[in-house]
Amino acid sequence: MRREEIAKNRLFNQQLLGTQLTSAQQVVRHFGAMQAQDYAMSKWAVGVRKPATDSAIEEAINRGEIIRTHIMRPTWHLVAAEDLRWMLELTAPHVKQPLSSMCKKYGLDNEFISRCYKIIEQILEGNNYLTRKEIVEAISQQNQGVDKIPATLIMMSAEQDGIVCNGPRRGKQITYALLDERVPPASSIDREEALTKLALRYFTSHGPASVQDFSWWSGLTMADSRKAIKMIEPELQKVQTDKQTYWYRKGHLHENGIAGNVHFLPAFDEFLVSYKDRSTVLDPVVTRQTITINGIFRPVIVVDGQVVGLWKRTIKKDKVQITTHYFHPLPKSQNKALIEAIEQYGRFVELATTT
């Protein structure tokens, strides 16, 4: 399978072409999890795959259908509420490892963390949504020196232990809720079932992809990643290139592409961030322009599955200005598709577009 064919199939499997999904929650569930440290851009990551407005996706998050929390890796992700518990059970142990080191650095023992959790449970009980600042202030009233501890450390620990998750936004502020009040209870599944479930989601939505890609995305060890692939191998197909073995879900190979397709993808989009090796869609020559040395993934312009440039948006009172930078000149035949992609973003934010 050639590089271009891998990229084309990822467009389909990532729901950027030919999507049949009908809700924001379905999009997030299809992926398993979608990276979301840039909140505004994470909503566009959903909206670019399922025609919807920013406000509609915000409402789905506020209703608790989609949860934004730290999962799989120590960074924010969107995850469907129905998937949160089993994914947390599977991935929290390795996310907590660096947190444990940080706790030791600040002298936080299990007794202190437990006291913090009790306070958090008391002040959030009854769907009382509070910001991180408000929660830390409440904790500091009963514990001297808390203001010297990174608030992120306390709240991430509480997320990994299933105490809290995001609540609805209050204006521009993120709030926290008790997970048990926000997410319906679910039967626990064993680790092997969770491994197979996560791997199948990944190779369905991200394939063709390698075992190294899956390990990077999930945060799982290579041993666990290989084990997961072995367990779901009857449901996968593999293709070999000169350098790598790629896996994808059977029945998810797309022979016919849609030439000239254009996508303005958000920062940290799954199309780039979810693979360890991004050379299939990103020319190594422009990698540093696209991904900064400290790991910031910029919004990209993708034509026929290849990153061809960057874009940024400036929200004004009654319009959104889109600025583009192309790595090389594009043919004039692409102009119509480029304009349509820009207008798609305008519809998402419900503003007129200007360039």
Check your understanding: Would a scan of region 74-81 turn up a residue that is part of a helix (DSSP H, G or I) and either out of contact with any Leu (no Cβ under 7 Å at 6 or more places or on another chain) or touching a residue at least 60 places away in the same chain (Cβ under 8 Å) (or both)?
Key -> yes
Check your understanding: In region 309-330, is there at least one residue being of a type in the set (A, V, I, L, M, F, W, C), part of a helix (DSSP H, G or I) and not assigned by TED's automatic domain parsing to the domain that holds ASP54?
Key -> no
Check your understanding: Can you tell me which residue in region 290-335 is surrounded by the fewest Cβ atoms within 10 Å (Cβ to Cβ), limited to those that are free of Cβ contacts under 8 Å to residues at least 12 places away in the same chain and over 27 Å from the mean Cα position of the chain (by Cα)?
Key -> LYS317
**Study point:** Number of the condition not met by ILE174 [criteria: (1) within 22 Å of the chain's Cα centre (by Cα); (2) surrounded by 15 or more Cβ atoms within 10 Å (Cβ to Cβ); (3) at pLDDT 95 or above]
**Key:** (3)
**Study point:** Complete set of residues in region 30-51 that are crowded, with 22+ Cβ neighbours inside 10 Å and either aliphatic (A, V, I, L, M) or part of a helix (DSSP H, G or I) (or both)
**Key:** PHE31, ALA33, MET34, ALA36, SER42, LYS43, TRP44, ALA45, VAL46, GLY47, VAL48
Check your understanding: Of (1) touching a residue at least 24 places away in the same chain (Cβ under 8 Å); (2) over 14 Å from VAL308 (Cα atoms), PHE271 satisfies all except one. Which?
Key -> (2)
**Study point:** Scope region 103-120; condition over 10 Å from ILE135 (Cα atoms), part of a helix (DSSP H, G or I) and out of contact with any Ser or Thr (no Cβ under 8 Å at 6 or more places or on another chain); matching residues
**Key:** LYS104, LYS105, ASN110, GLU111, PHE112, SER114, ARG115, TYR117, LYS118
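The values are calculated or read from the model by the stated rules, or taken from the named source; none is laboratory data. Just so you know, these numbers come straight off a predicted model, no measurement behind them. No Cβ is skipped: glycine too gets one built from the backbone with ideal geometry, and neighbour counts run over all protein chains shown.
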